[in-house]
Amino acid sequence: MFKDLYKHRELLLILVQRNIKIRYKNSALGFFWTLLGPIFLICIYAIFLHLMRFNINLPSLVTGIITWQFFAMCMGDSLHAIMGNASLVTKASFPRIILPSAMVLANTVNFLLSILVLLIYLLIVKTCFGVMILLPLIIMTQFALCLGLALIVSSMNVFFRDTEHVLSTIMLAWFFLTPVIYGIGDVMPRATELLGPSAYYLFFANPMTGILTAYRSVFLSEGFPGIHLIALSFGVSWIICLIGVVVFQKVQVRFGDEL
């Protein structure tokens, strides 16, 4: 797979550029929306929380929302990674894995620019940063998770056209099962009362829980229950990536018949 991606790296780059351009096609500001989106998001949440007088850590909330947006955008775009390129799949010979890979890479570019805006905001509010050297590892792990799931979802959507409806339901439930708008300390005391110490392992078996916790640890110096729990989330992420690659490689030969 890696040899195919390297051999067709020019095609991969062209598709990444195309995906980025399509997202902002016919918009007045174009690619600048990548920077303005997070800025507007921060302003909206700051005003809303101030008016409603909610006792919520705004930098933590913004970090969670921006991180989740990257994941959600990859999942939404993965539905059309193969179906949206049906003519290309049926008429040209190239590694099909390039299509979902280009989609995830394009969203990664947007996410990296969003992180830049987030870092500027955190500097303005004088946040105490954590171990920033771990940031590349966290981004790579989230990329692996997004790629693995994108490969699975894009494949499923070729054979099962109701995948979109199932995915929307799963993503809604996944959002509330992930500490995006709340902190781990808000739910774990009650969870441990019901499930005991295993509640932590169940909670961090959700890979986005560990990834989001790691981001907040790096950006906000927030603590986390234990390195073994973060390792659990990271391990699940890379396993999902491996499963996605294996599944995609096995079913891609049937794409032409289904499209």
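The values are calculated or read from the model by the stated rules, or taken from the named source; none is laboratory data. Remember, predicted model here, so these are calculated numbers, not experimental data. Neighbour counts run over all protein chains shown; Cβ positions are idealised from the backbone, glycine included.
Summary of computed values
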| item | result |
| --- | --- |
| Restricting segment 78-129 to residues that are among the aromatic types (Phe, Trp, Tyr) and surrounded by fewer than 17 Cβ atoms within 10 Å (Cβ to Cβ), the residue that is farthest from the chain's Cα centre (by Cα) | Phe94 |
| Residues of segment 194-241 satisfying the condition of being in a loop (DSSP other than H, G, I, E, B), more than 27 Å from Ile152 (Cβ to Cβ) and in contact with a Leu (Cβ under 7 Å, 6 or more places away or on another chain) | none |
| Near pairs, Cβ below 8 angstrom, 6+ apart or cross-chain, from segment 129-150 (under 21 Å from Asn107 (Cα atoms) and touching a residue at least 24 places away in the same chain (Cβ under 8 Å)) to any residue that is surrounded by 14 or more Cβ atoms within 10 Å (Cβ to Cβ) and of a type in the set (D, E, K, R) | Ala150/Asp77 |
| Selected residue [touching a helix residue (DSSP H, G or I) at 6+ places or on another chain (Cβ under 8 Å), farther than 27 Å from Phe94 by Cβ, free of Cβ contacts under 8 Å to residues at least 24 places away in the same chain and not β-branched (Val, Ile, Thr)] from Ala191, Ala214, Ala205 | Ala191 |
| Among (1) under 26 Å from Leu177 (Cα atoms); (2) at pLDDT 85 or above; (3) assigned to a helix (DSSP H, G or I), the one test that His80 misses | (3) |
| Flag for Ile170 being modelled with pLDDT of 95 or more, surrounded by fewer than 14 Cβ atoms within 10 Å (Cβ to Cβ), of a type in the set (Val, Ile, Thr) and outside any loop (DSSP other than H, G, I, E, B) | yes |
| All positions within segment 242-253 that are surrounded by fewer than 20 Cβ atoms within 10 Å (Cβ to Cβ) and either in contact (Cβ under 8 Å) with a residue 12 or more places away in the chain or not in a helix (DSSP H, G or I) (or both) | Leu242, Ile243, Val245, Val247, Gln249, Val251, Gln252 |
| Residue count, segment 219-235 (criterion: surrounded by fewer than 20 Cβ atoms within 10 Å (Cβ to Cβ) and farther than 18 Å from Asp186 by Cα) | 4 |
| Qualifying residue in segment 39-57 (condition: under 22 Å from Ile115 (Cβ atoms), at pLDDT 70 or above, part of a helix (DSSP H, G or I) and among the polar types (S, T, N, Q)) | no |
| Filter result (within 21 Å of Leu58 (Cα to Cα) and touching a residue at least 40 places away in the same chain (Cβ under 8 Å)) within segment 154-188 | Phe175, Thr178, Pro179, Val180, Ile181, Gly183, Ile184 |
